[in-house]
Structures are given as C-alpha cells and as structure tokens.
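First the structure, in the form of structure tokens, and then the observations on it.
The values are calculated or read from the model by the stated rules, or taken from the named source; none is laboratory data. Note that the coordinates shown come from a computational prediction; the quantities given were computed from them, not determined experimentally. Note that we place each Cβ from the backbone using ideal geometry, even for glycine, and neighbour counts take in every protein chain shown.
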Amino acid sequence: MQLGVQFDDFGYHSDFIPAVEEVPDEPLWTLDLIPGSFPTLALVLVPAFDQRLPNLRGYAFPKRFRIRSVDSEDDPGKILVDWTSRDFPDPGNRPVYFSFPQDEAPEDRLRLEVFAGHEQNGEEFFALGRIHPIRQGEQQKAGVEDVSSSFDSPPFWSSEALVSSRQSLGMPLSAEKSESKDLVLKLPAETLEGTLVFRIELDEPQILGWVNLYPGKNPEGVNLPGYGFPKHLRLYRVEQDDKPNERARRFPLGEPVNWEQPSDQMIRIPGGGSPIKALEISCNDFPSYQGQAVFSLGEIEIVRSGQNYSRGRKITTRNFSLPDETDLDLLVDGKVGGHSILPLPEWFQQLAKGKAHEARLVSLNAELAVATARWKTLQERALLTFGFFLLLAAAAVVVIIRRSRTQARLSLRKQIHSDLHDDVGSSLGSISLIAEQLQQAKLDEEVREDLGDLALIAREAWASLRDIVWVIDEDSIRLPALIDQLSERAKRVLAGTTVSVETPEACPNSKVSLPFKRHFIMFFKEVLHNCARHSHATEVHLKFRIIDEALQVSVRDNGCGFNPEMASGGLGLENIRNRAQEMAGQLTLNSSLGEGTQVVLEVPLKALLNQSDHSYKTSN
C-alpha cells in the first residue's frame, strides 16, 4: 500500500509513564468516543505514522487493549473486542478492522481501554492515527468525548487529530488503472486573483451525509502531493433550484478549508444531514508550478449511507473562461489518476486483510531463501571436487598451448611487419611518386586524370597497408590510437590538400573491436576517396568530438559539392549508409553544388565493442 504524505495531524499520543512489568488489572489509559445516531457496525483503528522518522511504519500501536460499550451513566457494558491476554500483532502500516454482528452492534458510546503500550527507554506510551466508526454502511465521524491523558504537540499530536477530516492512509483507490485523467487547468495570470466556482446539480433533493474531495495526480507522472489543489476552499449547499422571483437558499458547509501544506490525502467534510439540491465549491489562491498557476482536482463526491449522489451528474463553472476542450465530467467520473474510487468500508477491509497476505509473503520468501541456499550448497559440493581436478588438467593444457601459440604469433607478426613495410610499402610509395611526377609533364588531359587516379590509388593502398601493419603490431586497439591513425591516413591520402584536424581534449581510452574498427576505417576510406577524387577541394577539416557518450566524426570540404538526390552509385553513398547502420550510428550528409560537402557520423561509445562483421563492396 502507498501511504499519503502528512505534514501535521499525525494522530493521538498518550502521555509517558514508567514502564509496567506486569499487565495491570485496570487499564493504564482510556479513550471514550461520542455515540452516533446509529449503531456502530465496525470500528477501524488506524496506526499513527510519524513522518519525521526515517522508517514510515506504524508507530506505538497498543499491545494489549479491549473495546467495550459504556452507557450514559458511565457504567461499563459488553466487551466487544478483547486483546488483554496476549499481545496484539503489529499491524505495521495497515488499519485494524473490528466488525460487530448486526444484532450486537452497540448504540452506546465506545471506550478503548489500553493495558499495555509501547516501551522505549524505560517509558511506556501508545499512539493512534485515526478512529473510524462504520455506521449505516459508511465511514462516519468519531467524536472524542474524553481521554484519560494526552501528550499534545501541535500540529502533530492531539486528541482532535483522531477525527481529522483528512485520511492518513492515502486515497481509497483500486489497484487497476485505466487511461482516465484528472481535471487539470492551467490558469492565466489575469485570473489568479479571481474565484473559480464549481456547481454540481443533483437530480433531486437529497439529505447530505459527506462531501469527499480528492486531490488530483500530476499528469506528467511526477509525485507532487496535492498537485494543483487550491489553498483555500469554501463549500456551499443549495437547498433548491434558482427560479424566477424566488431566491435559492444557499448555506456555507462547515468551515473554510485552508490547505497551506500540500498533501495527497482525501478530505471529508460532514454535511450534518442537511437537505441539498446542488453543491457549490468556491476556490482561490492556486498553487504555482514552474511559474504556472494550476488548478487540479481528482473527484468530488456527495455521499450518504454508502450512496454516491454526484457520480455522473451535471457540473458547471462560473467566473472563469475555460477552454472548449475542458472536460468537467472528470470531476464526477468515479476515478482519480485512472484508479476507481472504492467505498471506504470496503477499502478499509481490503487494507486490513492485506496484513495476512503480507505476513504469508514474508514467510514464503524466507522459506524460498532457505531452500535456494540449500540447493545451491548441494550443487556447489557436488561440483567442487570434479571441477577442481578438471580445472587443474585444463589449466595445464591451456598454459602449454598458449605459450606455443604466443611464440608462433610473435614470430609471424614480426616477419609480416618487416616484409610489408620494407617491400610492398616502398613499392607503393614509388608508384605514387612516379605518377605524381608524370602528371607534371605535358600529357593528354585524360592521361593526366588517369595518372592522378593511379597516384590516389597508390596513396590509399599505402595507407591501408600501414593500417594492416598497425593492427598486426598492436595487441589491442584503443579509441585515441584509432583517431590518430585516421588523422594520419587523411593527411596521406589527401596529399596536396590543406587538412586540419580537431581531436577531443579528453578522449576515453575505450577498447575498439576489430569488426567495428574495420567498418570504421572502410567508412572513413570511402569518404576520403570521394573527397580526393570528386570534390576538387583545397581545404578539408576533420573533427572528432565526444558528445553525450557518443563519438562524432565530421569531414567537411570546400569542394564543388553535389546534389545527394542525383548522386550516382560511383560515390558509394549506399556503402557509407550501410556501414553507418552496421556501426549503430547516425549518418548526416549535407552537400549542394558549389557549397562543398559535410559528412557527419555519430556512433554511441558502447557500439565500439560491436562484433557484427558484414561485408560491403567499396566504390574504389
């Protein structure tokens, strides 16, 4: 169950007395309730909750007590509840529901006699949050006639708090939830000094028992106690319809409701058995959230003897101009925050019965924990011996194999590194140099373009070869090293072009998987190839950034640009998009004729360890 928020009216607290060792024959404290007009069918005792304490549990509920009737002459009558021979089970944060048979329902006043309370630091005391008598099928007000002693500490503890108009258990709502919302109005500044009046018309005159007001729920899901509930309310009952030449009889209902401290508890206002044809609620002084004045209310109930007279009735407003889409019926739909409102006696009974289920659940969880621990112990013992010997054998084999493979891999790595760098690398460098020199000669333009392509291919091949050698020479690949390698590649491939590189100041030393590194380099290679071959750019700006746990790479040139919608397959745009998708990245490509091109790739840092290794054909 979800307790509501309280800032005052914790309940009744007895005085402190020296702790008593034995249960006495006479009660240590007594509390008398004023009799009602009808027999009491049940009595609900609600534990007190001291919300200043870190553990919000029932506080100082009496251990031994009895409930009996007392006649008008103060003579003790029948004992209705007797817990004097053994301690009453701790109810925790749930109410205790005592029901009386119909033929034995007391009409006299009831007396709570406490023989043993809560002990602490050598002192004894007890506390109660609320007392709710159930009469005529509904919760009625319990008047406190007399208490033998009281520890008063306003605004938290007093005997009057036992009959506070605010519940202390939250709101009587069902567990099932629908899509229904509460009424929420965002009020313009010019109306803040005004008064918003709601009027509910009943089908026919009734006798008023109670008016129940339910605070609304914040539609954004954030728990804000008393969200939008006006700080000042005044209720009026109207005894007859407004007719020509006849003045409606309109009377204040109780005292004004001043709610300075917001709360998510329902408020119950007694009607005193007065006639009513319509109810008016006058609201002002609205709370403000994030600079916006808000009115919100979950439900308005007009009830008597378990009957709800306001459900689905006509509701209107005055003094405020509300938007056309305002649905005032939300105030009489029987729901708060999407949860149906339960009758109070039924709600109390459900909460009280939940204590047994809670105890059973705790017991089952304890039994499950013991059984799980035993089973785990048996498994561990059964596997321990076998696993130990198997581990020794496997460890010996693994050590031998790893040593052999490590030696072979180191030897092969050094040989490949030397051969590639010295032989193939020098040959590719020579090809690139010769092609660039021949471009300077007086040759046919088509031949010059072919030589330019040859030089580009040689530079790209030499850059790819250095990448391969770098990977072979590294035990693992880290993000900073990968960024440096790509920066060097750009400068090699884009020879003759001014290349500026911007790297992050604090780059995370994240490990990069080989499949991710492969897609990333091929993506980068495709972008550089297009820039070198098609853009005719003189400047290229390369930027690496870390933004919101993501790596962002931007390649921007000042070249001729192109229309992305008219781009041919030779630009490899499909491959670029496929590789970006394979890396779980977001690709942005901006280009227009004569304005240059910018390619931006943003990849989550967590994707650096992806193992996907699909292949895509490059355009070069």
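Do you know which residues across the range 491-529 are within 38 Å of the chain's Cα centre (by Cα) and free of Cβ contacts under 8 Å to residues at least 40 places away in the same chain?
Listed by number, the residues that qualify are Glu505, Cys507, Asn509.
Among what's in the range 196-223 and is assigned to a loop (DSSP other than H, G, I, E, B) and either touching a residue at least 24 places away in the same chain (Cβ under 8 Å) or polar (S, T, N, Q) (or both), pick the residue that is surrounded by the fewest Cβ atoms within 10 Å (Cβ to Cβ).
The extreme case among them is Asn223.
In the range 63-137, which strands (runs of 3 or more DSSP E) lie fully inside it and hold 1 or more residues that are farther than 18 Å from Pro27 by Cβ, at pLDDT below 95 and under 40 Å from the mean Cα position of the chain (by Cα)?
96-99, 118-120, 130-135
Based on what the data block shows, is Ser282 surrounded by fewer than 20 Cβ atoms within 10 Å (Cβ to Cβ), of a type in the set (Ser, Thr, Tyr) and not in a loop (DSSP other than H, G, I, E, B)? Write out each step before concluding.
Working: surrounded by fewer than 20 Cβ atoms within 10 Å (Cβ to Cβ): yes; of a type in the set (Ser, Thr, Tyr): yes; not in a loop (DSSP other than H, G, I, E, B): yes.
It is true that Ser282 is surrounded by fewer than 20 Cβ atoms within 10 Å (Cβ to Cβ), of a type in the set (Ser, Thr, Tyr) and not in a loop (DSSP other than H, G, I, E, B).
Could you check, for the range 141-159, whether at least one of its residues is within 30 Å of Ala293 (Cα to Cα), crowded, with 17+ Cβ neighbours inside 10 Å and not assigned by TED's automatic domain parsing to the domain that holds Trp210?
Scanning the range 141-159, I find at least one residue that is within 30 Å of Ala293 (Cα to Cα), crowded, with 17+ Cβ neighbours inside 10 Å and not assigned by TED's automatic domain parsing to the domain that holds Trp210, so the answer is yes.
Which pairs have Cβ atoms under 9 Å, sit 6 or more apart or on different chains, and link a residue in the range 282-293 that is touching a residue at least 24 places away in the same chain (Cβ under 8 Å) to one that is of a type in the set (Val, Ile, Thr) and part of a strand (DSSP E or B)?
Ser282/Val197; Cys283/Val197; Phe286/Val294; Pro287/Val294
In the range 121-159, what residues are among the hydroxyl-bearing types (Ser, Thr, Tyr) and closer than 27 Å to Glu346 by Cα?
Ser159
Would you check if Ile276 is of a type in the set (Val, Ile, Thr), over 29 Å from Asn223 (Cα atoms) and at pLDDT 90 or above?
When the stated conditions are applied, Ile276 passes them.
I need every pair where a residue in the range 166-179 that is at pLDDT below 85 has its Cβ under 6 Å from the Cβ of a residue that is basic (Lys, Arg), sequence separation at least 6 or different chains.
Cβ pairs passing all conditions: Ser168/Arg130.
Please work out if Glu582 is crowded, with 20+ Cβ neighbours inside 10 Å, at pLDDT below 90 and acidic (Asp, Glu).
Judged against the criteria, Glu582 is a match.
Regarding the range 308-315, can at least one residue be identified that is out of contact with any helix residue (DSSP H, G or I) (no Cβ under 7 Å at 6 or more places or on another chain) and modelled with pLDDT under 90? Show your work before the answer.
Here is the first cut: in the range 308-315, the ones out of contact with any helix residue (DSSP H, G or I) (no Cβ under 7 Å at 6 or more places or on another chain) are 308-309, 314.
Next, from what is left, pick out any that are modelled with pLDDT under 90: none.
Checking the range 308-315: not a single residue is out of contact with any helix residue (DSSP H, G or I) (no Cβ under 7 Å at 6 or more places or on another chain) and modelled with pLDDT under 90.
So which of Arg311, Arg268 ends up being of a type in the set (Lys, Arg), under 17 Å from Leu213 (Cβ atoms), outside the structural domain of Pro91 (by TED's automatic domain parsing) and assigned to a loop (DSSP other than H, G, I, E, B)?
Numbers: Arg268 fails: assigned to a loop (DSSP other than H, G, I, E, B).
On inspection, the qualifying residue turns out to be Arg311.
How many of the residues in the range 84-97 are surrounded by 18 or more Cβ atoms within 10 Å (Cβ to Cβ) and without any contact (Cβ under 8 Å) to a residue 60 or more places away in the chain?
0
Restricting the search to the range 500-524, which residues are closer than 14 Å to Ser487 by Cβ and part of a strand (DSSP E or B)? Spell out the reasoning first.
As a first pass, look at the range 500-524 and keep what is closer than 14 Å to Ser487 by Cβ: 500-504, 507, 520-521, 524.
Matches in the range 500-524: Ser500, Val501, Glu502.
For the range 578-586, indicate whether the set of residues that are touching a Pro at 6+ places or on another chain (Cβ under 8 Å), under 23 Å from Val501 (Cβ atoms) and basic (Lys, Arg) is non-empty.
Looking for residues that are touching a Pro at 6+ places or on another chain (Cβ under 8 Å), under 23 Å from Val501 (Cβ atoms) and basic (Lys, Arg), one finds none in the range 578-586, hence no.
Please tell me if Gly137 is among the small types (Gly, Ala, Ser), within 21 Å of Pro62 (Cβ to Cβ) and surrounded by fewer than 20 Cβ atoms within 10 Å (Cβ to Cβ).
No; evaluated as a whole, the condition is false for this residue.
Can you tell me which residue is nearest to the chain's Cα centre (by Cα) among those in the range 335-345 that are over 9 Å from Ser180 (Cβ atoms) and assigned to a loop (DSSP other than H, G, I, E, B)?
My answer is Leu342.
Return yes or no: is Ser149 in a strand (DSSP E or B) and either touching a His at 6+ places or on another chain (Cβ under 6 Å) or among the small types (Gly, Ala, Ser) (or both)?
no
Here is a check on your reading of the model: is Glu565 at pLDDT below 90, in contact with a helix residue (DSSP H, G or I) (Cβ under 9 Å, 6 or more places away or on another chain) and acidic (Asp, Glu)?
Judged against the criteria, Glu565 is not a match.
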